[in-house]
1. Quick check on my filter: what residues within the stretch 223-251 are more than 29 Å from residue 205 (Cα to Cα) and at pLDDT below 95?
2. Yes or no: the stretch 108-129 includes at least one residue that is at pLDDT 90 or above, assigned to a strand (DSSP E or B) and loosely packed, with under 11 Cβ neighbours inside 10 Å.
3. Is there a residue being closer than 18 Å to residue 155 by Cα, modelled with pLDDT of 95 or more and part of a strand (DSSP E or B) anywhere in the stretch 11-32?
4. Being part of a loop (DSSP other than H, G, I, E, B), out of contact with any strand residue (DSSP E or B) (no Cβ under 8 Å at 6 or more places or on another chain) and loosely packed, with under 12 Cβ neighbours inside 10 Å, is that true of even one residue in the stretch 94-104?
5. Restricting to the stretch 39-84, name every residue that is closer than 22 Å to residue 254 by Cα and at pLDDT below 95.
6. How many residues are part of a strand (DSSP E or B) and under 24 Å from the mean Cα position of the chain (by Cα) if we restrict to the stretch 172-216?
7. Taking the stretch 84-123, which residues are under 19 Å from the mean Cα position of the chain (by Cα) and without any contact (Cβ under 8 Å) to a residue 40 or more places away in the chain?
8. Going through the stretch 217-234 one residue at a time, which ones are surrounded by 15 or more Cβ atoms within 10 Å (Cβ to Cβ) and assigned to a strand (DSSP E or B)?
């Protein structure tokens, strides 16, 4: 019975987390300063039915080859930290239900900055409210403090990165669904950002079928080789011999840029 209560409690925490995460709308979810841009705007909207207060700050993060980030310690933070060059206003906001707030970012560049990509993550921390989420059935009181962050970048004298592909394979996950695994190798002093699409053509087929897609995929400068796993869209399994075509095309500032397109012959 104790284990059952624990499972129910974890389910409630998961549901509340998803709800609260959806209650704050952030636009855009990524900010890029070029060499001529001095200011940027981020809009926050309280999409919930409760008043919310958020404290704004900065996080320094390191991108991982398998996806996601880890927070950097003070000793690990290097010269590519952007937060020291950004003035942000306001630093705390209070939003009524449905209210929108503008956050202004002003870039203050320094003389003699080295070429390359600078990055920090703008951090939004939800402060506790008087109303807490309580489950009387299991006696758990949840007073959750959630946070979100978005990357903010500045590029100085960078070039468009180059990308290569290798080690493409189709494997089955623990649930029996197919997963496409591949490695992406980035060259250059800037990150990529775009859409990854994968197409399949069986040995006797004439047309390509799109089987997987991933939007807003980035490879940051600290990652030279990224390990990518893509879920297959269709229930139809890719069987026997065939070909996989992988296309990585740019989005936002890289729109219409094709980073890489490559076809791989696969055998059973």
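The values are calculated or read from the model by the stated rules, or taken from the named source; none is laboratory data. Values in this document were obtained by computation on a predicted structure and should not be read as measured data. When we count neighbours, we look across all protein chains shown, and the Cβ atoms used for this are built from the backbone with ideal geometry, even at glycine.
1. Once the filter is applied, which keeps residues that are more than 29 Å from residue 205 (Cα to Cα) and at pLDDT below 95, the stretch 223-251 yields only 224.
2. Within the stretch 108-129 (the criterion being at pLDDT 90 or above, assigned to a strand (DSSP E or B) and loosely packed, with under 11 Cβ neighbours inside 10 Å), the answer is no, since none of the residues qualifies.
3. Yes, that holds for at least one residue.
4. Pass one, the stretch 94-104, residues part of a loop (DSSP other than H, G, I, E, B): 96-99.
Still in the list and also out of contact with any strand residue (DSSP E or B) (no Cβ under 8 Å at 6 or more places or on another chain): none.
Within the stretch 94-104, none of the residues are part of a loop (DSSP other than H, G, I, E, B), out of contact with any strand residue (DSSP E or B) (no Cβ under 8 Å at 6 or more places or on another chain) and loosely packed, with under 12 Cβ neighbours inside 10 Å.
5. Result: 67, 68, 80.
6. From the stretch 172-216, those part of a strand (DSSP E or B) are 172, 178-187, 192-202, 209-216; that's our starting set.
Those still in the list that are under 24 Å from the mean Cα position of the chain (by Cα) too: 178-187, 192-199, 210-216.
So the count comes out to 25.
7. Pass one, the stretch 84-123, residues under 19 Å from the mean Cα position of the chain (by Cα): 117-123.
118 - this is the single residue of the stretch 84-123 that is under 19 Å from the mean Cα position of the chain (by Cα) and without any contact (Cβ under 8 Å) to a residue 40 or more places away in the chain.
8. Those that are surrounded by 15 or more Cβ atoms within 10 Å (Cβ to Cβ) and assigned to a strand (DSSP E or B): 217, 218, 219, 226, 228, 230.
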